[in-house]
Amino acid sequence: MRAIPPGIKSDIIRKYLEGYSIPEISKMLGVSVGKISTITSEESRKDEFFSIMREIAKKFKSDNLGFSDVISGVRLFNKINKLGLTCPFFENFLESTDKESFRVVIEHHNFLTKINKILEFERKYQVNIEDIPAYIKKATEELDATNKKISQINESVYSQYGIKEAEIQEYKRERPRLLRSADLVGLSLQTYNDWFLISDDLFKTASLKSGIKIDPKMLYKNLNSIYKNPDKHIKIIKEILDLPIIKEEINDFFSSMRIFKK
């Protein structure tokens, strides 16, 4: 019988211990079934554990496991024990975990960095990350409700003094230009926002001198009505313009305008 080369003999033993059947090894390596049987029988006689290893390998092979998989499993088992865990606990953890999360393409250190950032955020703001969407929704609803109340208050104020929001916005836009113009002619323009900055003492003094109680809000409302609808208040306008002090102010105004134009 021609001797089997050492390399082929090693391949036969390795395949045999990996759980392959003798006919499968014969077909893979091109060696007769008889020669393979002789070699494996000799190895079994020399090593009492040879057949045991063969049976274990067959079991691995039936479960589609290779020796490298088993070695990795042993390493994993040792790591689990080192962490103080048990295999049943680890198996239950894997079963109850969304396995898609393990397929996210992210490096280990980046993953841990992101987890630490989340934990730090939760500690700093005393809110769980999963509660944030509901928190944002609630805050948004409260903001909308507050803005609605502000709008209603503004409408009530505007209605009370007979003005419109557009007029307030226009005043805000034009006020700087109007004040600059007033400075040029030495005038002080009184507007809605400026009106109520006047001291209450001045209104009290005016009330005493005129013998009539002057309500600043009512006075502004009436004057505003005259300003907006002069055609409805011709008589009042004439009376105002005929007042000596008003005539004096008008003359001073036109004198200032003439000086300004020069």
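Please verify whether the range 61-73 includes one or more residues that are modelled with pLDDT of 80 or more and within 17 Å of E18 (Cβ to Cβ). Can you show your working first?
Looking only at the range 61-73, we keep the residues that are modelled with pLDDT of 80 or more, and these are none.
Within the range 61-73, not a single residue is modelled with pLDDT of 80 or more and within 17 Å of E18 (Cβ to Cβ).
Which of the residues spanning the range 214-236 are surrounded by 12 or more Cβ atoms within 10 Å (Cβ to Cβ) and over 60 Å from the mean Cα position of the chain (by Cα)?
I236
Report yes if some residue within the range 110-126 is modelled with pLDDT of 75 or more, outside any helix (DSSP H, G or I) and under 30 Å from the mean Cα position of the chain (by Cα); otherwise report no.
For the range 110-126, residues modelled with pLDDT of 75 or more, outside any helix (DSSP H, G or I) and under 30 Å from the mean Cα position of the chain (by Cα): present.
For the range 187-209, state whether one or more residues are at pLDDT 80 or above and exposed (fewer than 10 other Cβ atoms within 10 Å of the Cβ).
For the range 187-209, residues at pLDDT 80 or above and exposed (fewer than 10 other Cβ atoms within 10 Å of the Cβ): present.
Just the residues that are loosely packed, with under 11 Cβ neighbours inside 10 Å and β-branched (V, I, T), please, taken from the range 237-249.
Within the range 237-249, just I245 meets the criteria.
The values are calculated or read from the model by the stated rules, or taken from the named source; none is laboratory data. As the structure is a computational prediction, the values presented were derived from the model and not from experiment. As a convention, Cβ positions derive from the backbone with ideal geometry for all residues, glycine included, and neighbour counts pool all protein chains shown.
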